[in-house]
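Undergrad: The structure under discussion is supplied below as structure tokens; questions concerning it will follow.
The values are calculated or read from the model by the stated rules, or taken from the named source; none is laboratory data. Just so you know, these numbers come straight off a predicted model, no measurement behind them. Here Cβ is always computed from backbone atoms with ideal geometry, including for glycine, and neighbour counts include all displayed protein chains. Heavy atoms of the whole protein, side chains included, go into the accessibility calculation; ligands, DNA and RNA do not. Shrake-Rupley method; radii C 1.70, N 1.55, O 1.52, S 1.80 Å.
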2 protein chains.
Amino acid sequence: MSEQTMPNWLDQRAFLTPERVALVTEDEILTFSELQKRTKEMASRLSSLGIQKDEHIAVYAKSSVEMVQMIHALSYLGAVGVMLNTRLTIEELVFQVTDSSCAYIIGEDSFKDTLKEIGKQTETPSLSFEELKGYQTVPSSMFEEVIMDAPYTILYTSGTTGSPKGVMLSYSNHWWSAVSSALNLGITEKDQWLAALPLFHVGGLSILMKSVIYGMPVHLHTSFDIEAVHDAIMNKGVTTVSVVSVMLDGLLDRLGSERYPANFRGMLLGGGPAPEVLLHKAAEKSVPVFQTYGMTETASQIVTLSPDYALDKIGSAGKPLFPAQLSIELDGKPTSAHEIGEIVVKGPMVTAGYYRRPETNEDTIQQGWLRTGDLGFKDEDGFLYVVDRRKDLIISGGENIYPAEIEGVLSSLEKVKEVGVVGKEDEKWGSVPVAFIVVREGMALTREDIAAFQKEHLASYKQPKEIYFVNHLPRNATNKLLRRELANWLKQRRNVQ
Amino acid sequence: MSEQTMPNWLDQRAFLTPERVALVTEDEILTFSELQKRTKEMASRLSSLGIQKDEHIAVYAKSSVEMVQMIHALSYLGAVGVMLNTRLTIEELVFQVTDSSCAYIIGEDSFKDTLKEIGKQTETPSLSFEELKGYQTVPSSMFEEVIMDAPYTILYTSGTTGSPKGVMLSYSNHWWSAVSSALNLGITEKDQWLAALPLFHVGGLSILMKSVIYGMPVHLHTSFDIEAVHDAIMNKGVTTVSVVSVMLDGLLDRLGSERYPANFRGMLLGGGPAPEVLLHKAAEKSVPVFQTYGMTETASQIVTLSPDYALDKIGSAGKPLFPAQLSIELDGKPTSAHEIGEIVVKGPMVTAGYYRRPETNEDTIQQGWLRTGDLGFKDEDGFLYVVDRRKDLIISGGENIYPAEIEGVLSSLEKVKEVGVVGKEDEKWGSVPVAFIVVREGMALTREDIAAFQKEHLASYKQPKEIYFVNHLPRNATNKLLRRELANWLKQRRNVQ
């Protein structure tokens with residue numbers, strides 16, 4: 001049998017529903033037909049620039065219409081987008097461009113200097129979207145179909161362990177992710193999804209894929225601004241927002257005693273275990289939250305709490321999406337209910353592997369099953385509870401301590417705005433937990449308050465042995481807590497009062 | 001890469017949403033969990049009967065819970081269901097069972113004698129659902145995953161030309177059909193689909209697949225009963241009904257001046273070109289109709305009129321579903337807009353071929369494109385208008401005449417209930433159209449009335465040269481007009497006044 005193909009997604013969408021809105025930005029509203037026209041123009045320029053099928057193209061931009069065009073344009077050329085995180089240092093960018101063997105680096109105009117610098121250091125031609133406009137739009141042959149198993153994007157994992165690895169995601173991975181989510185959450189013609197997560201992150205990118213596959217408007221925000229997101233939900237028809245915990249918390253605070261409009265469907269919550277106190281806060285304000293579990297390697301969510309169980313199973317990340325499977329393993333065997341082990345997943349949205357990492361791939365992906373390195377358990381009904389990232393595990397005197405658990409407890413203290421927990425080396429116990437706390441504005445919290453609270457809620461060995469008050473926590477581009485960076489702070493005594 | 005698999009659909013559905021309603025029949029309401037339990041029991045008995053992976057099992061039953069169990073049970077065993085049309089003659093049944101090399105024939109209790117007879121004539125073990133219960137439920141190994149490219153069902157095409165051919169549909173074909181429909185029509189948690197089309201026909205079977213893939217209740221009716229369907233829409237939460245024209249017409253008459261509840265989403269209309277007058281009638285009563293085009297070979301609809309265009313493009317079957325493609329070809333080349341040619345389609349829901357018909361397959365399916373043998377055209381926006389089945393084409397004095405066009409015109413006569421047109425051999429013109437007409441009850445219509453009407457609405461050569469008043473039209477199990485049978489009537493002067 002020949003390889004599976006599909007009509008080019010943007011072409012097909014623009015053909016099927018040309019007048020539907022594709023993108024809403026601060027400045028303009030574009031239909032799929034308009035987006036297609038602009039994208040084909042860009043693809044044509046890229047073609048005259050010399051970009052070939054299967055070449056890797058580094059894309060370095062924040063969310064914008066041009067960034068969206070760029071992503072779709074790659075599909076017309078059969079080229080692969082290496083989506084660079086705009087928060088990285090030059091050194092990190094150079095590593096990724098080199099590691100993924102990019103043929104070109106293309107990015108937004110405001111990053112012109114950085115683009116040049118990376119280009120120079122990697123000996124790779126680089127140009128900005130503005131410079132690209134200097135190239136002709138020549139009649140060029142574009143691919144009318146996409147090959148489902150071909151790679152579409154490469155996204156580097158945040159790299160909290162070892163050096164970053166490029167996760168290859170095929171058209172098929174993105175397709176199944178979008179379709180599987182639709183089977184769980186449903187699709188209605190009123191849906192409008194807000195993307196405040198960057199498009200170089202799978203959480204944002206997956207919204208773009210849903211847009212073209214569902215025929216759904218995406219509200220594109222360049223950065224997460226509580227006021228703008230709140231306004232988009234209240235006044236602009238947004239029905240769904242992808243968020244991480246800290247964003248959700250901010251939005252709920254902004255909501256105050258108001259209520260979202262009836263057409264609001266919910267918050268898709270990803271990016272790590274959510275504190276229960278936050279979920280209760282959302283429930284109190286009648287804000288539906290769909291907890292999810294996923295990662296770059298699974299093209300975003302692979303486990304999601306279905307609306308049916310949003311309240312009954314609060315704190316759970318849910319069950320696998322329809323075509324996916326989930327197993328919890330300890331010493332190579334499936335665990336029983338409530339027993340913590342490694343989260344292992346399988347499904348058509350799971351990456352075929354990391355670019356040029358045959359050994360890691362062999363270790364990580366076996367017969368379609370991806371070893372996530374994350375820890376969790378299933379309850380008696382098969383619902384997943386994510387306990388922690390394995391690499392963050394604190395082992396103290398032989399006892400396992402999961403930072404997220406302690407963070408969950410401490411963040412239920414009203415005066416605590418954010419909290420991060422890491423292990424600190426300890427002569428006696430091997431390692432002990434320590435906590436970094438951001439206190440809510442205008443409130444006063446002492447170490448004594450915390451000590452008293454902990455005594456009640458945490459077993460002795462789980463209680464942080466040191467408390468640091470800080471004015472922010474280190475987070476990555478998607479607001480995910482960087483515990484590794486906390487560990488650095490600890491070593492360097494930086495940011496610490 | 002290994003072959004693509006998915007968790008067994010019923011298992012996964014029962015795991016994800018055990019308490020959701022799967023089936024509603026006259027007698028009972030079953031959740032997915034209950035359906036799973038019963039199905040596994042049946043699968044276990046089938047296993048102890050000796051049914052093996054990849055074996056073909058003829059299924060001979062009308063719509064019932066047991067029929068549904070049977071279809072899902074096959075998936076646990078990796079066996080292939082040959083879905084027999086219960087309206088066939090023994091001779092036709094024997095042909096299909098033999099042609100598809102069935103290892104067993106299993107069917108409903110009321111067909112016990114026929115089952116025995118077919119079994120005898122084909123030397124194939126046969127038994128009824130009741131007899132199956134005599135077999136033990138032994139602990140047997142069932143497949144936990146389905147192989148997407150493996151065949152799941154074989155359905156014989158109605159065989160209006162030549163001898164019937166078994167259309168092989170894989171899990172993948174059924175999956176993509178369900179998912180593609182969802183991307184077009186949307187999915188909401190309120191959806192409840194009514195299946196009055198038989199499950200041995202792809203129109204009914206595809207609803208069952210949607211049920212388990214979406215997690216959606218199906219109201220299962222053993223036959224089409226206007227009163228029961230009307231009641232299910234008005235009082236039982238049914239949101240969608242799959243119909244053919246004659247069913248829709250009856251339902252609209254029954255609706256009278258009433259209105260369907262607000263949660264009613266629409267009628268999925270298949271089974272051939274629909275008369276415009278019927279579509280207008282539906283529009284007047286605010287009944288949304290989704291016109292579709294599809295066939296057994298495409299696992300049901302492959303082209304559907306999106307809700308966005310339901311009124312603007314009345315009479316059109318719409319555009320291809322997202323993963324599908326459509327071409328109109330004449331003499332091997334794509335036609336221009338409004339030019340009639342053969343309808344050719346491509347997509348992941350298209351069958352890999354007919355069972356043991358290598359030559360037909362080679363002729364019919366080329367590089368994924370299926371030559372349907374149907375005639376149609378696209379308008380300037382790419383919307384499909386199905387003109388007719390090629391085999392029904394009447395060529396009269398060198399002019400092409402499409403029966404469906406004439407039927408559409410005549411059925412706009414208020415007193416006409418149904419009309420069927422075929423060609424009749426003619427010494428002078430080669431062939432001329434003749435019409436069979438069912439007059440609405442309590443109304444009087446004369447040949448003179450019709451002649452006067454025709455004169456106004458049809459070019460001279462298109463006007464039926466003979467009119468036969470009949471009290472019914474020959475239709476197959478899914479109410480599709482059998483023009484071949486009309487031609488027989490003509491030859492034998494049967495049923496003709």
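Quick grid of which residues meet (1) under 21 Å from A:Met70 (Cβ atoms); (2) under 17 Å from the mean Cα position of the chain (by Cα); (3) open to solvent by 10 Å² or more (accessible area, probe 1.4 Å); (4) among the aliphatic types (A, V, I, L, M):
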position: A:Ile147; (1), (2), (3), (4): yes, no, yes, yes
position: A:Pro151; (1), (2), (3), (4): yes, no, yes, no
position: A:Asn184; (1), (2), (3), (4): no, no, yes, no
position: A:Lys190; (1), (2), (3), (4): no, no, yes, no
position: A:Ala195; (1), (2), (3), (4): yes, yes, no, yes
position: A:Gly203; (1), (2), (3), (4): yes, yes, yes, no
position: A:Val212; (1), (2), (3), (4): yes, no, no, yes
position: A:Pro217; (1), (2), (3), (4): yes, no, yes, no
position: A:Phe224; (1), (2), (3), (4): no, yes, yes, no
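Undergrad: Closer than 21 Å to A:Thr478 by Cβ and either touching a Leu at 6+ places or on another chain (Cβ under 8 Å) or assigned to a helix (DSSP H, G or I) (or both): which single residue out of A:Ala58, A:Ala73 fits that description? Walk me through how you get there before you give the answer.
TA: Working: A:Ala73 fails: closer than 21 Å to A:Thr478 by Cβ.
Going through A:Ala58, A:Ala73 in turn, just one is closer than 21 Å to A:Thr478 by Cβ and either touching a Leu at 6+ places or on another chain (Cβ under 8 Å) or assigned to a helix (DSSP H, G or I) (or both): A:Ala58.
Undergrad: Further question: Taking the condition of being in a loop (DSSP other than H, G, I, E, B), out of contact with any Asp or Glu (no Cβ under 8 Å at 6 or more places or on another chain) and closer than 21 Å to A:Leu199 by Cα, how many residues in the stretch A:103-139 meet it?
TA: So the first thing to find is which residues in the stretch A:103-139 are in a loop (DSSP other than H, G, I, E, B), and the list is A:103, A:108, A:123-125, A:133-139.
Retained after the next criterion (residues that are out of contact with any Asp or Glu (no Cβ under 8 Å at 6 or more places or on another chain)): A:123-125, A:133-136, A:138-139.
From what's left, closer than 21 Å to A:Leu199 by Cα: none.
Adding up the residues that qualify gives 0.
Undergrad: Which ones in the stretch A:452-489 are in contact with a Leu (Cβ under 7 Å, 6 or more places away or on another chain), part of a loop (DSSP other than H, G, I, E, B) and within 18 Å of A:Gly408 (Cβ to Cβ)? Spell out how you get there, then give the answer.
TA: Residues of the stretch A:452-489 in contact with a Leu (Cβ under 7 Å, 6 or more places away or on another chain): A:453, A:473-476, A:478, A:481.
Still in the list and also part of a loop (DSSP other than H, G, I, E, B): A:473-474, A:476, A:478.
Correct list: A:Leu473 only.
Undergrad: Output yes when any residue across the stretch A:89-103 is closer than 26 Å to A:Arg38 by Cα, open to solvent by less than 60 Å² (accessible area, probe 1.4 Å) and not assigned by TED's automatic domain parsing to the domain that holds A:Pro474, and no when none is. Before the answer, list the steps.
TA: Keep residues of the stretch A:89-103 that are closer than 26 Å to A:Arg38 by Cα, which gives A:102-103.
From what is left, the residues that are open to solvent by less than 60 Å² (accessible area, probe 1.4 Å) are A:102-103.
Of the ones still in play, those that are also not assigned by TED's automatic domain parsing to the domain that holds A:Pro474 are A:102-103.
Scanning the stretch A:89-103 turns up at least one residue that is closer than 26 Å to A:Arg38 by Cα, open to solvent by less than 60 Å² (accessible area, probe 1.4 Å) and not assigned by TED's automatic domain parsing to the domain that holds A:Pro474.
Undergrad: From the list A:Ser245, A:Ser257, pick out the single residue that is under 29 Å from A:Ile406 (Cβ atoms), among the hydroxyl-bearing types (Ser, Thr, Tyr) and open to solvent by 10 Å² or more (accessible area, probe 1.4 Å).
TA: Step by step, each of A:Ser245, A:Ser257 is checked, and only A:Ser245 is under 29 Å from A:Ile406 (Cβ atoms), among the hydroxyl-bearing types (Ser, Thr, Tyr) and open to solvent by 10 Å² or more (accessible area, probe 1.4 Å).
Undergrad: While we're on this one: All but one of (1) of a type outside the set (A, V, I, L, M, F, W, C); (2) touching a Gly at 6+ places or on another chain (Cβ under 8 Å); (3) on the phi > 0 side of the Ramachandran plot hold for B:Gly50; state the number of the condition that does not hold.
TA: All conditions are met except number (2).
Undergrad: Could you tell me which residue of the stretch B:299-337 is farthest from the other protein chains (Cβ to nearest Cβ), considering only residues that are within 28 Å of B:Val287 (Cα to Cα) and acidic (Asp, Glu)?
TA: B:Asp312
Undergrad: Restricting to the stretch B:1-36, name every residue that is of a type outside the set (A, V, I, L, M, F, W, C), assigned to a helix (DSSP H, G or I) and more than 22 Å from A:Asp312 (Cβ to Cβ). Step through it out loud before you land on a result.
TA: In the first step, residues of the stretch B:1-36 are kept if they are of a type outside the set (A, V, I, L, M, F, W, C); the result is B:2-5, B:7-8, B:11-13, B:17-20, B:25-28, B:31, B:33-34, B:36.
From what is left, the residues that are assigned to a helix (DSSP H, G or I) are B:11-13, B:33-34, B:36.
Matches in the stretch B:1-36: none.
Undergrad: Scan the stretch B:286-305 and give yes if some residue there is among the charged types (D, E, K, R) and surrounded by fewer than 24 Cβ atoms within 10 Å (Cβ to Cβ), otherwise no.
TA: no
Undergrad: Looking for whichever is closer than 23 Å to B:Ser181 by Cα and modelled with pLDDT under 95 here; the options are A:Thr161, A:Thr188, A:Thr137. Which one fits?
TA: Numbers: A:Thr161 fails: closer than 23 Å to B:Ser181 by Cα; A:Thr137 fails: closer than 23 Å to B:Ser181 by Cα.
Selected residue: A:Thr188, the only one of A:Thr161, A:Thr188, A:Thr137 that is closer than 23 Å to B:Ser181 by Cα and modelled with pLDDT under 95.
Undergrad: Are any residues in the stretch A:446-465 at pLDDT 90 or above and either among the aliphatic types (A, V, I, L, M) or open to solvent by less than 50 Å² (accessible area, probe 1.4 Å) (or both), and if so, which ones?
TA: Step one: of the stretch A:446-465, the residues at pLDDT 90 or above are A:446-453, A:463-465.
The answer is A:Ile450, A:Ala451, A:Ala452, A:Phe453, A:Gln463, A:Pro464.
Undergrad: For A:Lys313, only one of the following conditions fails: (1) modelled with pLDDT under 95; (2) open to solvent by 60 Å² or more (accessible area, probe 1.4 Å); (3) within 26 Å of B:Arg13 (Cβ to Cβ). What is its number?
TA: Only one criterion is unmet by A:Lys313, namely (2).
Undergrad: How many of the residues in the stretch B:332-347 are under 20 Å from B:Leu321 (Cβ atoms) and not hydrophobic (A, V, I, L, M, F, W, C)?
TA: Filtering the stretch B:332-347 down to residues under 20 Å from B:Leu321 (Cβ atoms) leaves B:334, B:342-347.
When the remaining residues are screened for being not hydrophobic (A, V, I, L, M, F, W, C), the result is B:334, B:342, B:346-347.
Result for the stretch B:332-347: 4.
Undergrad: Here's a check for you: in the stretch A:359-387, which residue that is in a helix (DSSP H, G or I) and surrounded by fewer than 17 Cβ atoms within 10 Å (Cβ to Cβ) is nearest to the other protein chains (Cβ to nearest Cβ)?
TA: Initial filter on the stretch A:359-387 (in a helix (DSSP H, G or I)): A:359-364.
Now drop any that are not surrounded by fewer than 17 Cβ atoms within 10 Å (Cβ to Cβ), which leaves A:359-360, A:362-363.
Working: A:Glu359: 19, A:Thr360: 18, A:Glu362: 15, A:Asp363: 18 Å.
Once the filter is applied, the top-ranked residue is A:Glu362.
Undergrad: In the stretch B:124-136, what count of residues is obtained for those that are polar (S, T, N, Q) and exposed (fewer than 15 other Cβ atoms within 10 Å of the Cβ)?
TA: From the stretch B:124-136, those polar (S, T, N, Q) are B:124, B:126, B:128, B:136; that's our starting set.
When the remaining residues are screened for being exposed (fewer than 15 other Cβ atoms within 10 Å of the Cβ), the result is B:136.
Final tally of qualifying residues: 1.
Undergrad: Given the criteria farther than 23 Å from B:Tyr156 by Cβ, among the hydrophobic types (A, V, I, L, M, F, W, C) and either in a strand (DSSP E or B) or within 14 Å of chain A (Cβ to nearest Cβ) (or both), does B:Leu413 qualify? Break it down into steps so the answer makes sense when it comes.
TA: Details: farther than 23 Å from B:Tyr156 by Cβ: yes; among the hydrophobic types (A, V, I, L, M, F, W, C): yes; either in a strand (DSSP E or B) or within 14 Å of chain A (Cβ to nearest Cβ) (or both): no.
Considered against the rule, which asks whether it is farther than 23 Å from B:Tyr156 by Cβ, among the hydrophobic types (A, V, I, L, M, F, W, C) and either in a strand (DSSP E or B) or within 14 Å of chain A (Cβ to nearest Cβ) (or both), B:Leu413 comes out as no.
Undergrad: Which of the residues spanning the stretch B:338-358 are within 14 Å of chain A (Cβ to nearest Cβ) and either open to solvent by 50 Å² or more (accessible area, probe 1.4 Å) or at positive phi (or both)?
TA: Let us first name the residues in the stretch B:338-358 that are within 14 Å of chain A (Cβ to nearest Cβ), namely B:345-353.
B:Gly347, B:Ala352, B:Gly353, listed by residue number.
Undergrad: Sticking with this one: Which one is least open to solvent (accessible area, probe 1.4 Å) among residues in the stretch A:5-20 that are more than 7 Å from chain B (Cβ to nearest Cβ) and polar (S, T, N, Q)? Give the steps one after another, and end with the answer.
TA: Quick first cut of the stretch A:5-20, residues more than 7 Å from chain B (Cβ to nearest Cβ) only: A:5, A:8-11, A:13-14, A:18-20.
Going one step further and asking which of them are polar (S, T, N, Q), we end up with A:5, A:8.
On the way: A:Thr5: 31, A:Asn8: 0 Å².
Per the stated criteria, the residue is A:Asn8.
Undergrad: Test B:Asp249 against the stated conditions and say whether it is charged (D, E, K, R) and either more than 27 Å from A:Trp175 (Cα to Cα) or away from chain A (no Cβ under 14 Å) (or both). Spell out the reasoning first.
TA: Working: charged (D, E, K, R): yes; either more than 27 Å from A:Trp175 (Cα to Cα) or away from chain A (no Cβ under 14 Å) (or both): yes.
Considered against the rule, which asks whether it is charged (D, E, K, R) and either more than 27 Å from A:Trp175 (Cα to Cα) or away from chain A (no Cβ under 14 Å) (or both), B:Asp249 comes out as yes.
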